[in-house]
Amino acid sequence: MKAFRGALTLTLAIALAGCAWRRTPVPIISDNGSTGLLVGTWAGEYSSTQTGRSGSISFELASEKDTAYCDVVMVPSIQSLRIANNAGTEGPAVRSLPAAEPLKLRFIRLGEGRVTGTLEPYKDPDCSCMVTTTFEGRFSAPNTIEGRYVTTGVEFRQETGGRWKVTRQNNTSTTP
């Protein structure tokens with residue numbers, strides 16, 4: 001089991017390092033014209049008990065502009081991993097690990113202490129179908145935003161969802 005965890009950790013570290021240089025520009029729409037609440041470097045994570053998937057979120061807004069640079073990385077669920085037993089070895093051997101997948105945001109909207117947005121459509125690793133994720137969150141503190149997300153798709157019979165949370169990583173703070 002230690003070998004499995006080590007392989008998974010190494011795969012995730014490589015995937016996250018590889019995605020770091022590809023930060024995606026994302027338009028920010030503000031209901032009052034100011035994006036000051038989002039200025040700074042933010043980092044956090046999301047997870048779903050329904051799907052077993054989780055991942056990291058990071059975004060940066062250097063000043064009150066209309067574009068942020070964002071990364072969202074989806075880590076495949078344990079059910080998506082193919083594991084086979086090798087005779088004569090201790091525990092399961094990993095034959096292949098699906099790569100952590102970078103996802104792109106379509107837009108972020110800021111208004112009345114809320115942050116909402118949509119991800120670009122992407123292929124869900126469990127159903128191999130195209131899905132779209134929308135998210136909504138609120139400032140729970142001046143440097144913390146947390147909320148829920150919902151994923152839907154043409155081939156989905158029901159919605160899935162989970163929770164997300166990001167925290168400002170520097171001292172820039174604007175009261176929501």
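Looking only at region 82-96, decide whether some residue is modelled with pLDDT of 80 or more, farther than 25 Å from Gly161 by Cα and either in a helix (DSSP H, G or I) or among the hydrophobic types (A, V, I, L, M, F, W, C) (or both). No, because not a single residue in region 82-96 is modelled with pLDDT of 80 or more, farther than 25 Å from Gly161 by Cα and either in a helix (DSSP H, G or I) or among the hydrophobic types (A, V, I, L, M, F, W, C) (or both).
Quick check on Ile57: is it at pLDDT 60 or above, surrounded by fewer than 20 Cβ atoms within 10 Å (Cβ to Cβ) and among the aliphatic types (A, V, I, L, M)? Criteria not met by Ile57.
Take residues that are of a type in the set (Gly, Ala, Ser), surrounded by fewer than 16 Cβ atoms within 10 Å (Cβ to Cβ) and over 17 Å from the mean Cα position of the chain (by Cα) and tell me which of the strands (runs of 3 or more DSSP E) falling wholly in region 107-176 contain 1 or more.
Here the list reads 130-141.
Note on region 22-41: residues that are surrounded by 16 or more Cβ atoms within 10 Å (Cβ to Cβ) and in a loop (DSSP other than H, G, I, E, B) amount to 2.
The values are calculated or read from the model by the stated rules, or taken from the named source; none is laboratory data. The structure presented is a predicted model; accordingly, all values stated were derived computationally and were not measured. Note that each Cβ is placed from the backbone with ideal geometry, even for glycine, and that neighbours are counted across all protein chains shown.
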